[in-house]
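Trainee: Here's a structure for you.
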Amino acid sequence: MTRVTRLTAPAPGWTAATDVVVVGSGVAGLTTALRLRAAGLKVLVVTKAMLDDGSTRWAQGGIAAALGEGDTPEQHLADTLVAGAGLCDEEAVRILVTEGPAAVRRLIATGAAFDQDAEGEILLTREGGHHRRRIAHAGGDATGAEISRALVEAIRADDGVELIEHALVLDLLTDAEGRTAGLTLHVMGEGQRDGVGAVHARAVVLATGGMGQVFSATTNPPVSTGDGVALALRAGAEVTDLEFVQFHPTVLWLGPDAEGQQPLISEAVRGEGAHLVDADGVRFMVGRHELAELAPRDIVAKGIMRRMAETGAEHMYLDGRHFGAAMWEERFPTILASCRSHGIDPVTEPIPVAPAAHYASGGVRTDQHGHTSVSGLYACGEVACTGVHGANRLASNSLLEGLVFAERIAADILDRDAAGKLTPRHEPHPSPSTPDREVRRVPLLASEARADIQRLMSRGVGVLRSAASMAEAVGGLAALAADHPGTGRLNSTGKGESPQVETWEATNLHLVATALAAAALLREETRGCHWREDFPDRDDVRWNTHLISRQHDGVLTTLPQEH
């Protein structure tokens, strides 16, 4: 019998039961929970920090949908396919753009208030890669915060939604047939549900967000440690397109040694007319692409990196001085306050910017209904790979993807429940009587390994990649996991560090980083946001395909998709 691979963790000290567990409290997770609750299913929402602490609240620019006069889903489709550089699933994109407008209107009905003009029409702006104004925004540049507020209020108003905050998801529970039967998690805090517990459920929805903490500098919050992707890999689910990490081109540059979450300067600033310039004031994106500063993000990030290399500069500048104080204060109050808190006033001086890790276009592989390759396990939002983004996400499609595919997941779960096809309620496998030999426990890395992983990935698998840089990263990651004397990362018994949040997170980051680096090293071309210095051209003959990562009995493999 194949062994179950799980993190080293204490046996569950408490249990709970529900119909569906939703892991994550961003737009994808909370939308799924609300739709399931509306139909009467029992739902338990698990979130790693507080209910409103996910990545959604940090989204500045907005949500893209064909809502404006003259715009159509077909035009939105075309822009998305161009940005995806040949690897989008066209049918998935068509679902996104055709179902998107109605989904946004349902979000408004839930309570989200978008900025409007004097006639009460939704104000729309433009971002990179879009040929029309189709980005709805709220509070100027606080769209994610407004969406999060509305959804959190709706969740809290429903007494039927059970909530566990400050909980790190650990591993999937399965029945004897390998179907999803719940999960294990660790609750950080006090009370009856303190420590490791098990939730028995008929379906699990992963909406855990991104993996930006794999890199030293990112726009992602500290909780974005790839826990959902790591859980899926250990459970045997397929993961795809991990090499396509989008580096946002305009992140506030805080110095060469800045680490952790960095302030984002929304693409909407360029959408409203700000210019990218070098230290001499030259608009270097003009002539590089027909859309100049509003080219797709991978092109702008590459343009910035090339100009930095040409001039020897550590950053470029985003110049919006011509906006004037009133526009900055009304349209971009959050960004204005963030810049000023770091001693920069965009009203009177250009903003120093450089690319930083922002969004994972890949993730847990799903179909058009959110199914993963493990029965009863669903994924949506940034943790998932629906095929919408291809090799490079189009700006502001992420909130829309979370919204649209969350609704599709909820509809599928309800249909399967009505047809009696959900996993029946029974004891998960392995039960307490199952021999320990059937469970392979993953040794845990020390919490200090997190910084080592981030440095290896930033140096070797960042914006600029080559075989040499990535081989160094792959070797370094392997050394961290090996019980070599002097690494200081596993204890003297070779059994790993003691189970705790920091060691679980470091171990998850290591697994995700290893899979990401392997895929990036294998893909010998430049496509979308995957930029190889040693293979500078797109190669549709060899690489117009997806790379699939799987873990079997603790062994990770990455191979091209079988046709």
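The values are calculated or read from the model by the stated rules, or taken from the named source; none is laboratory data. Just so you know, these numbers come straight off a predicted model, no measurement behind them. Positions of Cβ are generated from backbone atoms using ideal geometry, with glycine treated the same way; all protein chains shown enter the neighbour counts.
Trainee: Which condition number in (1) out of contact with any strand residue (DSSP E or B) (no Cβ under 6 Å at 6 or more places or on another chain); (2) of a type in the set (A, V, I, L, M, F, W, C); (3) in a helix (DSSP H, G or I) is the one that C88 fails?
Mentor: With (1) out of contact with any strand residue (DSSP E or B) (no Cβ under 6 Å at 6 or more places or on another chain); (2) of a type in the set (A, V, I, L, M, F, W, C); (3) in a helix (DSSP H, G or I) applied to C88, the lone miss is (3).
Trainee: Of the conditions (1) touching a His at 6+ places or on another chain (Cβ under 8 Å); (2) at pLDDT below 95, R523 clears all except one; give me its number.
Mentor: It fails just one condition, (2).
Trainee: Which of the residues belonging to the range 461-474 are at pLDDT below 95 and buried (at least 19 other Cβ atoms within 10 Å of the Cβ)?
Mentor: Quick first cut of the range 461-474, residues at pLDDT below 95 only: 462-465.
Passing the criteria: G462, V463, R465.
Trainee: State whether the residues of the range 445-452 include one that is modelled with pLDDT under 90, of a type in the set (D, E, K, R) and assigned to a loop (DSSP other than H, G, I, E, B).
Mentor: No; the residues of the range 445-452 include none that is modelled with pLDDT under 90, of a type in the set (D, E, K, R) and assigned to a loop (DSSP other than H, G, I, E, B).
Trainee: Just to be sure I understand, how many residues within the range 142-165 are assigned to a loop (DSSP other than H, G, I, E, B), touching a Lys or Arg at 6+ places or on another chain (Cβ under 7 Å) and buried (at least 17 other Cβ atoms within 10 Å of the Cβ)?
Mentor: 0
Trainee: For the range 298-317, check the following and say yes or no: at least one residue is among the small types (G, A, S) and within 28 Å of the chain's Cα centre (by Cα).
Mentor: Checked against the condition, which is being among the small types (G, A, S) and within 28 Å of the chain's Cα centre (by Cα), the range 298-317 yields at least one hit.
Trainee: Among the residues that make up the range 107-118, is at least one of them buried (at least 17 other Cβ atoms within 10 Å of the Cβ) and within 21 Å of the chain's Cα centre (by Cα)?
Mentor: yes
Trainee: Show the residue pairs that are 6+ apart or on different chains and have beta-carbon atoms under 8 Å apart, the first residue being within the range 74-93 and assigned by TED's automatic domain parsing to the domain that holds N397, the second being outside any helix (DSSP H, G or I) and aromatic (F, W, Y).
Mentor: Taking only residues 6 or more apart or on different chains, the pairs are L87/F244.
Trainee: D280: closer than 30 Å to I409 by Cβ and assigned by TED's automatic domain parsing to the domain that holds F323, yes or no?
Mentor: Here the answer is no, as D280 does not meet what is asked.
Trainee: Would it be correct to say that A145 is more than 30 Å from E329 (Cα to Cα) and not charged (D, E, K, R)?
Mentor: no
Residues are listed down the side, and each one gets a yes or a no for (1) under 14 Å from the mean Cα position of the chain (by Cα); (2) basic (K, R):
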site	(1), (2)
I164	no, no
L173	no, no
G189	no, no
G210	yes, no
V214	yes, no
T218	yes, no
R234	no, yes
E238	no, no
H248	yes, no
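Trainee: Taking the range 321-343 as the region of interest, how many residues are surrounded by fewer than 18 Cβ atoms within 10 Å (Cβ to Cβ) and within 30 Å of M457 (Cα to Cα)?
Mentor: 3
Trainee: So, one more: I want to confirm something. Restricting to the range 191-229 and keeping residues that are among the hydrophobic types (A, V, I, L, M, F, W, C) and in contact with a Pro (Cβ under 7 Å, 6 or more places away or on another chain), which single residue is nearest to T386 (Cα to Cα)?
Mentor: By that ranking, first place goes to A198.
Trainee: Criterion first (in contact (Cβ under 8 Å) with a residue 40 or more places away in the chain, crowded, with 23+ Cβ neighbours inside 10 Å and outside any loop (DSSP other than H, G, I, E, B)) does G182 satisfy it?
Mentor: Spelling it out, G182 is indeed in contact (Cβ under 8 Å) with a residue 40 or more places away in the chain, crowded, with 23+ Cβ neighbours inside 10 Å and outside any loop (DSSP other than H, G, I, E, B).
Trainee: Further question: Hey, any hits in the range 319-336 for a residue that's of a type outside the set (A, V, I, L, M, F, W, C), assigned by TED's automatic domain parsing to the domain that holds Q261 and within 30 Å of A515 (Cα to Cα)?
Mentor: Within the range 319-336 (the criterion being of a type outside the set (A, V, I, L, M, F, W, C), assigned by TED's automatic domain parsing to the domain that holds Q261 and within 30 Å of A515 (Cα to Cα)), the answer is no, since none of the residues qualifies.
Trainee: Taking the residues in the range 491-506 that are crowded, with 21+ Cβ neighbours inside 10 Å and not in a helix (DSSP H, G or I) as candidates, determine which candidate is modelled with the lowest pLDDT.
Mentor: The qualifying residue modelled with the lowest pLDDT is G496.
Trainee: Only one of (1) under 29 Å from the mean Cα position of the chain (by Cα); (2) assigned to a helix (DSSP H, G or I) fails for A354. Which number is that?
Mentor: All conditions pass for A354, except number (2).
Trainee: Regarding A65, is this residue farther than 30 Å from V204 by Cα, buried (at least 23 other Cβ atoms within 10 Å of the Cβ), of a type in the set (A, V, I, L, M, F, W, C) and not assigned by TED's automatic domain parsing to the domain that holds L291?
Mentor: For A65, the condition - farther than 30 Å from V204 by Cα, buried (at least 23 other Cβ atoms within 10 Å of the Cβ), of a type in the set (A, V, I, L, M, F, W, C) and not assigned by TED's automatic domain parsing to the domain that holds L291 - is not met.
Trainee: So, one more: Considering the range 507-563 alone, what residues qualify as being acidic (D, E) and either in contact with a Pro (Cβ under 7 Å, 6 or more places away or on another chain) or outside any helix (DSSP H, G or I) (or both)?
Mentor: Hits for the range 507-563 are E524, E525, E533, D534, D537, D539, D553, E562.
Trainee: So, one more: Which fully enclosed helices (runs of 4 or more DSSP H) of the range 227-320 have 1 or more residues being surrounded by fewer than 24 Cβ atoms within 10 Å (Cβ to Cβ) and out of contact with any Lys or Arg (no Cβ under 9 Å at 6 or more places or on another chain)?
Mentor: 297-311
Trainee: If you take the residues of the range 407-444 that are part of a helix (DSSP H, G or I) and touching a Lys or Arg at 6+ places or on another chain (Cβ under 7 Å), which of them is modelled with the lowest pLDDT?
Mentor: E438
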